[in-house]
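Each remark here refers to the structure printed beneath this line.
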Amino acid sequence: MAARSVFDVFHIVLSAAWRRRYLICVPVAVLPVLGLGAGMMLPKDYESRMSILVQEPAKLNPFLNDLAIGPNVKDRMEGLKTLVHSEHILGSVVRGLKLAGDEPSPQAIDRAVRGLSSNLTTVLIGNDTIEMKLKSRNPRGLDRVLAEIGERFID
């Protein structure tokens, strides 16, 4: 079998591509247009995440290990979710960051608290880690709001 020249290999590849021209060109022409159309139609949602490690300090000390009481976050998760979504935490965040305006009415604060509560998700990951997610259509200040919620929750 004789070795083929570069020209012969190029000719074989080019003729194979020509035979498959529709299979090559149609997806290249159609899929970017479909992707752009889908991207324009779908709503844009932004998400900010934060993880909190809940740990008993006495468990880290071997001398106090016998006296340590496990936090048992799994059993307390429903109560923690209720606490995160409460008026106490979210109301103070709304007032502190002035999310309802400079001089908000009680109805405006209540609306802002309900909006935050509906977009906030709290999930237990593993045994000691709580993940908080905040979704919004506007990316501005999303991380600041979630950091404030987490700070108030930890306090």
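The values are calculated or read from the model by the stated rules, or taken from the named source; none is laboratory data. If you're wondering where the values come from, they're calculated on a predicted model, not measured in any experiment. For neighbour counting, all protein chains shown are included, and Cβ atoms are generated from backbone atoms with ideal geometry for every residue, glycine included. These area figures cover heavy atoms from the full protein model, side chains too; ligands, DNA and RNA do not enter into them. Shrake-Rupley method; radii C 1.70, N 1.55, O 1.52, S 1.80 Å.
Going through region 100-120 one residue at a time, which ones are open to solvent by 60 Å² or more (accessible area, probe 1.4 Å) and either in contact with a Ser or Thr (Cβ under 9 Å, 6 or more places away or on another chain) or not basic (Lys, Arg) (or both)?
The initial filter retains those residues of region 100-120 that are open to solvent by 60 Å² or more (accessible area, probe 1.4 Å), namely 102-103, 106-107, 110-111, 114, 118-119.
Within region 100-120, Asp102, Glu103, Pro106, Gln107, Asp110, Ser118, Asn119 meet the criteria.
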Return the residues of region 134-155 that are in contact (Cβ under 8 Å) with a residue 60 or more places away in the chain and within 19 Å of Gly79 (Cβ to Cβ); say none if nothing qualifies. Ile149, Gly150, Arg152, Phe153, Ile154
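Here are Lys81, Lys59: which of them is of a type outside the set (Asp, Glu), part of a helix (DSSP H, G or I), at pLDDT below 90 and open to solvent by 100 Å² or more (accessible area, probe 1.4 Å)? Outline the logic, then answer.
Values: Lys81 fails: open to solvent by 100 Å² or more (accessible area, probe 1.4 Å).
After ruling out the rest, the residue left standing is Lys59.
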Within region 121-131, the residues that are surrounded by fewer than 17 Cβ atoms within 10 Å (Cβ to Cβ) and among the aliphatic types (A, V, I, L, M) are Val123, Leu124, Ile125
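Quick check on this structure: which one of Leu134, Leu97 is of a type in the set (A, V, I, L, M) and open to solvent by less than 20 Å² (accessible area, probe 1.4 Å)?
Values: Leu97 fails: open to solvent by less than 20 Å² (accessible area, probe 1.4 Å).
Of the residues listed, the single one that is of a type in the set (A, V, I, L, M) and open to solvent by less than 20 Å² (accessible area, probe 1.4 Å) is Leu134.
Can you tell me which residue is least open to solvent (accessible area, probe 1.4 Å) among those in region 145-155 that are in contact with a strand residue (DSSP E or B) (Cβ under 9 Å, 6 or more places away or on another chain) and not aliphatic (A, V, I, L, M)?
Looking only at region 145-155, we keep the residues that are in contact with a strand residue (DSSP E or B) (Cβ under 9 Å, 6 or more places away or on another chain), and these are 145-147, 149-150, 153-154.
Applying the additional criterion that residues be not aliphatic (A, V, I, L, M) yields 150, 153.
Working: Gly150: 0, Phe153: 28 Å².
Checked region 145-155; the qualifying residue least open to solvent (accessible area, probe 1.4 Å) is Gly150.
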Given (1) at pLDDT below 85; (2) open to solvent by less than 100 Å² (accessible area, probe 1.4 Å); (3) more than 30 Å from Asn127 (Cβ to Cβ), identify the lone condition not met by Gly70. (3)
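Would you call Glu131 closer than 18 Å to Leu80 by Cβ, over 15 Å from the mean Cα position of the chain (by Cα), among the charged types (D, E, K, R) and modelled with pLDDT of 85 or more? Show your work before the answer.
Details: closer than 18 Å to Leu80 by Cβ: yes; over 15 Å from the mean Cα position of the chain (by Cα): no; among the charged types (D, E, K, R): yes; modelled with pLDDT of 85 or more: yes.
In short, no.
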In region 34-46, how many residues are at pLDDT 90 or above and open to solvent by 100 Å² or more (accessible area, probe 1.4 Å)? 4
